[in-house]
1. Counting only residues 5 or more places away or on other chains, whose amide H sits under 5 Å from the amide H of Arg179 once H atoms are built in the peptide plane?
2. Taking H as built 1.01 Å from N, whose amide H comes closer than 5 Å to the amide H of Leu332, not counting residues under 5 places away?
3. For a quick check: sort Met416, Met133 by the number of other beta carbons within 10 angstrom, fewest at the front.
4. Determine the dipole magnitude for region 97-176: charges of +1 sit on the beta-carbon of Lys and Arg, -1 on that of Asp and Glu, nothing else is charged, the reference point is the Cα centre, and the result goes in debye to the nearest 20.
5. Would you grab the residues whose amide H sits under 5 Å from the one on Gly437? Only those 5+ places off in sequence or on another chain, please, with H modelled 1.01 Å from N.
6. Taking the radius of gyration and the Kirkwood hydrodynamic radius from Cα positions alone, what is the Rg/Rh ratio for region 287-377, to two decimal places?
7. Read phi for every residue in region 107-122 and hand back ³J(HN,Hα) as whole Hz from Karplus 6.51 cos²θ - 1.76 cosθ + 1.60, θ = phi - 60°, with x for Gly and Pro.
8. Which whole-Hz ³J(HN,Hα) couplings does region 309-323 yield from phi under the Karplus relation 6.51 cos²θ - 1.76 cosθ + 1.60, θ = phi - 60°, glycine and proline marked x?
Amino acid sequence: MLTASIAAVLLLMLVVLTVRFTGIKRVLQQREAELESSKEEVRRSHKELERRVGERTESMVQAVLALEKAKERYALAVEASNDGIWDCDLQTGKVFLSPRWKSMLGYGDDDIQDTSKEFWKGLIHPADYQRTMDAFNDYLEGRIPEYELEYRLRQKDGSYRWILTRGACCRDSEGKPYRMAGSHTDISRRKLAEQALAQESARTIRALEALREKEQMLLHQSRQAAMGEMIGNIAHQWRQPLNTLGLLIQQAPLFFDLGELDREFLAENTQKSMEIIQHMSKTIDDFRNYFQPDKARVEFKVHDVITSTLSMMEGSFKSHQIAVETVVQDDLVLHGFPNEFSQVLLNILNNAKDVVSERKVRNPKVAVVLCRENDNSVVTITDNAGGIPENIIGKIFDPYFTTKGPQYGTGVGLFMSKTIIEKNMGGRLTARNRDGGAEFRIEL
């Protein structure tokens, strides 16, 4: 009986243990499943982490490579430009100077250690120091938008070299500069070229001034020669009127002795005398106006200037029995210097008068033609004296060239005529042989 009871108890305990073991096993299995799930989650997280770390590492590697390439590119650019580099920490005052910066001035890499204010004061040319410091401070304080300056730096041997410096600064959130860097470019050759150019320009200016003085002298000589011609023309212009005026004066006592001196005779003689005097007065005005220098460009009628010039030559032409023909195909108006234009006409007309007289041309004639060709105003002056010899036609506009001899001409008339037309009035003066004579052609 006892044995059966013990067996029943043992059986019961076995059942209880079996149930508990089964529960424990189920819990362990559940915990094992949860642990496996956790491990899987950890494995996935680890893989994701590895992926992200790989991507970040690759990105950093690419950034480092790009930075290295940028540094290499910058170093090559700096080396190719042959510029020196400077970098200044504005808070500590420390300055970095590249080896090229130092070698540009003849210094070794270890020659410059002190970069204090006294160092810069001794390095910068005394004449450039103050403006260099002013420009530096003005840029840092925002008074100028860019820092770019040319100045001289002392080399190790004591001589000076011209430098172009450019720079830029970094500013904090409050706009205060804390770092500034830039470059130095050697511009000594350019400065030497500029100085040579300035010297050459000065020599050119002096040469031009000398040439201008020479032209003024030639113009004065031309006017003096023209004045001599004018005196001769005045003599021709006045000789006949003076003779006529003398006859009128001599008539008065003669008619008085004959008893024929009445009011009608006096009125007629007075009118004739006044006409002669007015003609002579007009001649004086023409000559006076001719010798007045033109102060400014004005519009003038070419025909009026030609008429005035021919009137001054009238007596001289008549005395040499030269016929003058004027053909006006167009009423030309020019913008320029009428008195200088008149001087050109006078020089050409005087030459025509001299050559027809020298060659004793039968029925001497001078023709003046005014016309318009395309957009140009053209004046031609032609004589019938046989033309200009071929061996001298290319020289007639040269200064001091003359065929008249020193007692009759200076050789500056045609030279100054060409100068007036081409330089002062922007036209063209040429000469050629045509129809048994010489033709001078003015185009404006």
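No lab work stands behind these numbers, since they all come straight from the coordinates. Keep in mind that what you see is a predicted model, and the values were worked out from it rather than measured. We place every Cβ from the backbone using ideal geometry, glycine too, and count neighbours over all the protein chains shown.
1. Leu90, Cys170
2. Residues meeting the amide H criterion: Val302, His303.
3. In order of increasing Cβ crowding within 10 Å: Met133, Met416.
4. 200
5. Gly386, Gly387
6. Answer for region 287-377: 1.00.
7. Rounded to whole hertz, the list is 9, x, 5, 9, 6, 10, 10, 8, 10, 6, 4, 5, 4, 5, 5, x.
8. Those phi angles translate into 5, 5, 5, 6, 8, 4, x, 5, 5, 5, 5, 9, 6, 9, 7 Hz.
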